[in-house]
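What follows is a single structure, written as structure tokens, with notes after it.
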Amino acid sequence: MQAGKASPGKGVPSVTLRAKVPSGGEGILTEEALDFLGGLHTLFEARRQELLHSRGTFRTTVAAGLVPKFPDETKKVRESEWTVPAPPADLLDRRVEITGPTDRKMIIDALNSGARVYMADFEDAHAPTWEGTVLGQANLVEAVRRRITFKAPGGRDYRLNERIATLMVRPRGWHLLERHLEVDGFPISGSLFDFGLFFFHNAHELVGRGTGPYFYLPKIEHYLEARLWNDVFVESEKALTLPHGTIRATVLIETLPAAFQLDEILWELKEHSVGLNCGRWDYLFSVIKQFQDRGDVRFPDRDQLTMSTPFMTAYTHRLIRVCHRRGAHAMGGMAAQIPIKENPEKSAEAIAKVVADKEREVRAGHDGTWVAHPGLVPVALEVFDREMPTPHQMNRPLPVETIGPRELLPIPSGTVTPGGVQRNARVALRYLESWLRGIGCVPIDHLMEDAATAEIARSELWHWVRHGSRLPDGAPVTKALVSGYLRSEQAELLRERNHHDPGRAIERARALLEEVVSAPELEGFITSKAYPQLEATP
């Protein structure tokens, strides 16, 4: 295993593990790797804290009924002509990317799926148990070296094909912690833990194999947060004596404030930048979060907030135009549908929705798209192969379109229905219950739900209760109504489990959701709130 040569930090930080090293993770949490993580923490933790504390300005502007603006101080960045470096050869064509957690079978299936890229996820599709997180890193070490295998309970052997997808990794967002590792008495950032371990153990190996350490960066709200990532990259490359620009990163634009700073985010990552992605489900969650103080804005049922909603169309079109002006990939969003083997008719309906969604994306100008299930890779590939004969669409002329702050702000229309309330309660409860048991990616009603979709569900419930949204018959959405649906879903889930509730996860999820839905303030992230309960004993 190729290790780094030095810690990027100054001095010798005190690094303390607060949990046993999981069996199989001994080669990951080495003294040298922990020193590297400690150095990152020492250099960057204070800035991370400052940036997190400065979040909220956008929400304050919206709450006052004002229209947020593009930043005045970065006008020159937006108006001047510049481009990011050309993508490396194995990221030139990204027409279909698959995402998923880092268990061994998923890694093999995803790398073998025929997708151009596999994004190994330590964020929305991952419940960050200590064992799952460390073994996920160990699995990626094996995958990078092409020696990962898996034997299914039925005896089937899984191994990598000769041709596999390019690997990218998504660490946790800046707001999350890894409580099992402390540096000088404080938990390390989940972002630095996930990024640091993967980079430290695999960067030289990847470069030696003709690829590189490639990342997806989530939940950014300001260009200064992108600058922080860039500085992390610069120091990490120096520590491992790798050339500047070895790391390449795509930023998920999944917050409303970030949509106002697209040029700036690409600019801040400079030689490390390789594109932006429409993280549309988290983006919807962020819109609700930024408008949480506004009772005059009423969000309809989740299934009415489609990509054809004007503010969502404006968001995607602006991202495409900015990316292509700057020579960067403009990646499309996730298809949450999954094939339904037991019902061919419903499966055909689901696939038709995927085809329509991918046709919309490629015709709008996206250079690639996401799927969550290997069975959808051929479906998405057929659309992009048919509509995009070139590796990307950066040189394709697009219609002139002015997309300013007003176009990015939501004016949702639609209704809140009993079915919408029930559906949100169902998704939120079932996802959170699974997450508390260490499962971060869950099929519910033939859709692959992750933390992003669960966040939409529970934040809509909060907004409806907090601002007294009314159903078509005039009845308000109340705490009691939501509680009733949560308890009904709890009872159904218990029946499905033969009244077994391992670790009391169902009960804990229901109680937690009732608490956050009725709270006076919208909880920032349900995963942060639930993290202390993860892996809790019965």
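The values are calculated or read from the model by the stated rules, or taken from the named source; none is laboratory data. In this text, all values refer to a predicted model and were calculated from it rather than measured experimentally. Virtual Cβ from ideal backbone geometry, glycine too; neighbours counted across all protein chains shown.
When you go through Val62, Val84 one by one, which is the residue that is within 25 Å of the chain's Cα centre (by Cα) and under 30 Å from Val141 (Cα atoms)? Write out each step before concluding.
Working: Val62 fails: under 30 Å from Val141 (Cα atoms).
Among Val62, Val84, only Val84 is within 25 Å of the chain's Cα centre (by Cα) and under 30 Å from Val141 (Cα atoms).
Conditions (1) at pLDDT 95 or above; (2) closer than 24 Å to Pro410 by Cα; (3) surrounded by 23 or more Cβ atoms within 10 Å (Cβ to Cβ), marked per residue:
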site	(1), (2), (3)
Glu345	no, no, no
Val355	yes, no, no
Ala364	yes, yes, no
Pro378	yes, no, no
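Taking region 136-169 as the search range and keeping residues that are outside any loop (DSSP other than H, G, I, E, B) and among the β-branched types (Val, Ile, Thr), which one is surrounded by the fewest Cβ atoms within 10 Å (Cβ to Cβ)? Of everything passing the filter in region 136-169, Thr149 is surrounded by the fewest Cβ atoms within 10 Å (Cβ to Cβ). Within region 224-247, being surrounded by 24 or more Cβ atoms within 10 Å (Cβ to Cβ) and either among the β-branched types (Val, Ile, Thr) or over 20 Å from Phe193 (Cβ atoms) (or both) holds for Val232, Ile247.
Looking at Thr42, Thr61 in this structure, which one is part of a helix (DSSP H, G or I), surrounded by 13 or more Cβ atoms within 10 Å (Cβ to Cβ) and without any contact (Cβ under 8 Å) to a residue 12 or more places away in the chain? Explain how you work it out, then say what you get.
Numbers: Thr42 fails: without any contact (Cβ under 8 Å) to a residue 12 or more places away in the chain.
Among Thr42, Thr61, only Thr61 is part of a helix (DSSP H, G or I), surrounded by 13 or more Cβ atoms within 10 Å (Cβ to Cβ) and without any contact (Cβ under 8 Å) to a residue 12 or more places away in the chain.
Does region 336-352 include one or more residues that are assigned to a strand (DSSP E or B), touching a Lys or Arg at 6+ places or on another chain (Cβ under 9 Å) and either aliphatic (A, V, I, L, M) or closer than 30 Å to Pro87 by Cα (or both)? Yes, region 336-352 contains at least one residue that is assigned to a strand (DSSP E or B), touching a Lys or Arg at 6+ places or on another chain (Cβ under 9 Å) and either aliphatic (A, V, I, L, M) or closer than 30 Å to Pro87 by Cα (or both).
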